[in-house]
Amino acid sequence: MKRYYQPEIETASAEQIRAWQDERLVKQVQHVWDSVPYYRKKMEERGVTPADVRSVDDLHKLPFLTKDDLRECYPYGLMGKPVKDCVRIQSTSGTTGRRVVAFYTQHDLDLWEDCCARAIVAAGGTDEDVCQVSYGYGLFTGGPGLNGGSHKVGCLTLPMSSGNTERQLQFMTDLGTTILCCTPSYAAYLAESIHERGLRDKIKLKAGIFGAEAWSEEMRRDVEKQLGIKAYDIYGLTEISGPGVSFECEEQTGMHVNEDHFIAEIIDPNTGEVLPDGTKGELVFTSLTKEAFPLLRYRTRDICVLSRKKCSCGRTFVKMAKPMGRSDDMLIVKGVNVFPSQIETVLLEQGYQANYQIIVDRVDHTDTLEVQVEMTPENFSDSLARITDMEKTLVGALKAMLGIYAKVKLVAPRSITRSEGKAVRVIDKRKI
Ligand code: DLL
């Protein structure tokens, strides 16, 4: 069986990988300097020019990029190529200020799809497989990325997108899906639905490629058992291309970072100091080969550890552990990025005050989101019918903002505990 999609790259020696990175970094820094005035200014402010970056050893001299920079530059300010050379955007959910719009040339798409193809082959995928892609299609990177990867491997690709569980199960059983790609929470939901409908012996699944949100080892074991598969983690972010920045192999002990395309660093989130491998800190990526959206030293806010321990799969790329949390307030609920500030915006727009609490939980492997909001003295009502109406309106407005369902519970004025320090807005009960 084919074990690697691009063996000469995935099993290259450490020296070879380093040589690629050195060469590509020098080229990329020059490209950014020449074509992204915003980043050039940041470099000038730090007194760095392309001549100062001769190898990966000089990476630390370059300034970081953060989500704030992306916001400031929205939408076109960080592009490395003119619009005429770009063929696609992908984006995250969120209001204008929070939304990330990433651009791709045809070359960028090609390399991104290679990364996803590597993940599929690492999960045992070949051209004999039927690969059901149940990540969202459209602006979200999950569907398009794995769709492209699946084509490259030569799998029969089922571009299902997320949702419509009945249809998912019908295609899965009728067409004999062998590889399932979706968020781990949707995988758990599908597993449950398969059992409820007694379809377990009608499915031919062998592997799952699950990512876009945090999931525990316990959840992995549950889903593997219920579906009779091996479940592989996959990581990525829109800013750096989408899924396939890193992917798990059969060892299932962390995700190999595609180091021919991305340099991973771990920094202290407070000081920005680079930390040695094996130390927990914030993950930072530099994209070496992207033309249209070439981010250097992008702070992901994901807290993580890198490991260079030899892997039994034969791949030589560094491994990152499952992200252990975030250094900002972003929540990931059902694979969707949710900022408490988005919820607050909706509440204020709808005439409520900022007295609310967001409760996130995971029930039967599925994330739940509840927003408890105080009625104001002005809109207070004790009529059950009226309260239900008000709750419905808020559910609709939150859905329009976040793209997902949030349960709303209206409570009496002044019933949410006030804090004397920082308000506790989010209660995350998930144990991941
Ligand atoms: O979630 C890309 C993706 C799609 C990855 C499909 C894997 C599969 P964004 O919507 O931009 O992109 O969200 C990126 O999601 O910074 C992490 O906090 C989180 N995340 C992504 N993958 C994982 C994972 C896609 N495997 C943000 N485990 C990232 C934990 C993950 N968190």
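The values are calculated or read from the model by the stated rules, or taken from the named source; none is laboratory data. This is a predicted model, so every value here is computed, not measured. In this analysis, Cβ positions are derived from the backbone assuming ideal geometry, glycine residues included, and neighbour counts consider all displayed protein chains.
Tabulated results
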| quantity | calculated |
| --- | --- |
| Subset of region 338-368 (residues that are within 16 Å of the ligand (Cβ to nearest atom) and either among the basic types (Lys, Arg) or under 18 Å from Gly396 (Cα atoms) (or both)) | Val338, Phe339, Pro340, Gln342, Arg362 |
| Test: residue in region 62-78 that is surrounded by 15 or more Cβ atoms within 10 Å (Cβ to Cβ), under 30 Å from Cys313 (Cβ atoms) and touching a residue at least 40 places away in the same chain (Cβ under 8 Å) | no |
| Filtered residue count, region 1-47, keeping only those that are surrounded by 14 or more Cβ atoms within 10 Å (Cβ to Cβ), within 30 Å of Gly154 (Cβ to Cβ) and free of Cβ contacts under 8 Å to residues at least 12 places away in the same chain | 1 |
| Leading residue by the ranking (nearest to the ligand (Cβ to nearest atom)) among those in region 288-333 that are aliphatic (A, V, I, L, M), in a loop (DSSP other than H, G, I, E, B) and modelled with pLDDT of 90 or more | Ala321 |
| Selected residue [within 13 Å of the ligand (Cβ to nearest atom) and either crowded, with 24+ Cβ neighbours inside 10 Å or of a type in the set (S, T, N, Q) (or both)] from Gly138, Gly142 | Gly142 |
| Candidates Gly149, Gly154, filtered to the one that is at pLDDT 95 or above and either farther than 16 Å from Cys116 by Cβ or away from the ligand (no atom under 16 Å from the Cβ) (or both) | Gly154 |
| Only one of Glu265, Glu239, Glu273, Glu248 that is in contact (Cβ under 8 Å) with a residue 60 or more places away in the chain, surrounded by fewer than 22 Cβ atoms within 10 Å (Cβ to Cβ) and not hydroxyl-bearing (Ser, Thr, Tyr) | Glu265 |
| Given (1) in the same structural domain as Arg221 (by TED's automatic domain parsing); (2) modelled with pLDDT under 95; (3) over 20 Å from Ala214 (Cβ atoms), index of the condition Pro269 fails | (3) |
| Breaking point among (1) crowded, with 17+ Cβ neighbours inside 10 Å; (2) under 27 Å from Ile17 (Cα atoms), for Ser55 | (1) |
| Residue check for Phe171: within 16 Å of the ligand (Cβ to nearest atom), in contact (Cβ under 8 Å) with a residue 12 or more places away in the chain, assigned by TED's automatic domain parsing to the domain that holds Pro243 and at negative phi | no |
| Residue within region 160-168 that is at negative phi and within 12 Å of the ligand (Cβ to nearest atom) present | yes |
| Selected residue (criterion: farthest from the ligand (Cβ to nearest atom)) from residues of region 196-218 that are under 17 Å from Met255 (Cα atoms) and not in a strand (DSSP E or B) | Glu217 |
| Meets criteria (away from the ligand (no atom under 16 Å from the Cβ) and without any contact (Cβ under 8 Å) to a residue 60 or more places away in the chain) for Ser193 | yes |
| Selected residue (only one of Gly163, Gly149, Gly138, Gly125 is in a helix (DSSP H, G or I) and either of a type in the set (D, E, K, R) or out of contact with any His (no Cβ under 6 Å at 6 or more places or on another chain) (or both)) | Gly149 |
